[in-house]
Amino acid sequence: MIFYITEVQEKLGYNFKDPEIIRRAFTHPSSLKSDHDEKDYDRYEFLGDSVLGFVVADYIFKRKFKNEGQMTEEKKSIVSSKPLSMATKSLGVEKYMLKSDKLEITDSMCENLFEAIIGAIYLDGGLEEARKFILKNLIEPFYKHGIKVVKDSKSLLNEYTSKNKLGDVKYTLVNKKGKDNLPTFTVKVLLDNKVLAEGVGNSKKNAEQMAAEKALAKLKKVKNKC
């Protein structure tokens, strides 16, 4: 597959000392020929997620919010799916992802790609270069445009169970089917160790969100009958 690295670097506003790093960050598992191939996209996403969390937390801390609760909610809003996928689309780099032709690009994939890019920049240029990228392409646009974030299903479920004192919510991976480059995850959500619902997705995160959405609908339905 052809990777247009010059165009990607221009859009990202960062030139890599090691071009191979950014190519790997754009290599989606669906494009790999073998399940045994090194899955850098997922690895870079994992690293980028941690770097992103630190940079956003540091930024929010310096804004001097009144308490931990406010800081936590602000951080969750900035690093949630919608702002991350919007940031990727604003850069216009999702079309350069190396993936299976059968796979359509989703918001979830855009979110993951943004985190993988952060991981790549961190590996190539260090924390300050990653910080510059995050500030310019995520944090500053977030505050400038006042992006309204719809809370995800897991957050909504946690709030609902906490407000109604229903108990602790936990997620359990039931199974993972298919090849590693095109997997299907099944996750169960439990409330006080009792299964509430089950979700299926192409990533563990997506499966958890689906399970949470079903669980929340089920709990509200039961409440309305009472």
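Worth a mention:
- Qualifying residue in segment 153-163 (condition: in the same structural domain as Ser31 (by TED's automatic domain parsing), surrounded by fewer than 17 Cβ atoms within 10 Å (Cβ to Cβ) and without any contact (Cβ under 8 Å) to a residue 12 or more places away in the chain): no
Yes/no per residue for (1) buried (at least 18 other Cβ atoms within 10 Å of the Cβ); (2) out of contact with any His (no Cβ under 9 Å at 6 or more places or on another chain); (3) not acidic (Asp, Glu):
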site: Glu20; (1), (2), (3): no, yes, no
site: Phe26; (1), (2), (3): yes, yes, yes
site: Asn67; (1), (2), (3): no, yes, yes
site: Lys102; (1), (2), (3): no, yes, yes
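- Which listed residue is hydroxyl-bearing (Ser, Thr, Tyr) and closer than 30 Å to Ile2 by Cβ, from Ser100, Ser77: Ser100
- Filter result for Asn175 (in contact with a strand residue (DSSP E or B) (Cβ under 7 Å, 6 or more places away or on another chain), exposed (fewer than 13 other Cβ atoms within 10 Å of the Cβ), among the polar types (S, T, N, Q) and without any contact (Cβ under 8 Å) to a residue 24 or more places away in the chain): yes
- Taking the listed residues Val195, Val189, the one that is over 22 Å from Pro29 (Cβ atoms), assigned to a strand (DSSP E or B) and without any contact (Cβ under 8 Å) to a residue 12 or more places away in the chain is Val195, with no other qualifying.
Per-residue answers, yes or no, for (1) at pLDDT 90 or above; (2) of a type in the set (A, V, I, L, M, F, W, C); (3) under 19 Å from the mean Cα position of the chain (by Cα):
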residue: Leu84; (1), (2), (3): yes, yes, yes
residue: Leu103; (1), (2), (3): no, yes, yes
residue: Ser108; (1), (2), (3): no, no, yes
residue: Glu115; (1), (2), (3): yes, no, yes
residue: Ile118; (1), (2), (3): yes, yes, yes
residue: Asp152; (1), (2), (3): no, no, yes
residue: Asp168; (1), (2), (3): no, no, no
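- If you filter segment 192-215 down to residues that are touching a Leu at 6+ places or on another chain (Cβ under 7 Å) and either of a type in the set (Val, Ile, Thr) or modelled with pLDDT of 90 or more (or both), you find that the one that is farthest from Leu157 (Cα to Cα) is Leu196.
- Matching residues in segment 93-128 - criterion: being among the small types (Gly, Ala, Ser), over 21 Å from Lys204 (Cα atoms) and either in the same structural domain as Met210 (by TED's automatic domain parsing) or in contact (Cβ under 8 Å) with a residue 12 or more places away in the chain (or both): Ala120, Gly125
- Sole exception among (1) of a type in the set (D, E, K, R); (2) at pLDDT below 85; (3) within 26 Å of Lys17 (Cβ to Cβ) for Asp124, by number: (2)
- Count of segment 198-216 residues which are assigned to a helix (DSSP H, G or I) and either closer than 16 Å to Lys163 by Cβ or of a type in the set (Val, Ile, Thr) (or both): 3
- Residues within segment 19-58 that are assigned to a loop (DSSP other than H, G, I, E, B) and at pLDDT 95 or above, tallied: 0
The values are calculated or read from the model by the stated rules, or taken from the named source; none is laboratory data. Bear in mind the structure is a predicted one, so any value in this text is a computation, not a measurement. Positions of Cβ are generated from backbone atoms using ideal geometry, with glycine treated the same way; all protein chains shown enter the neighbour counts.
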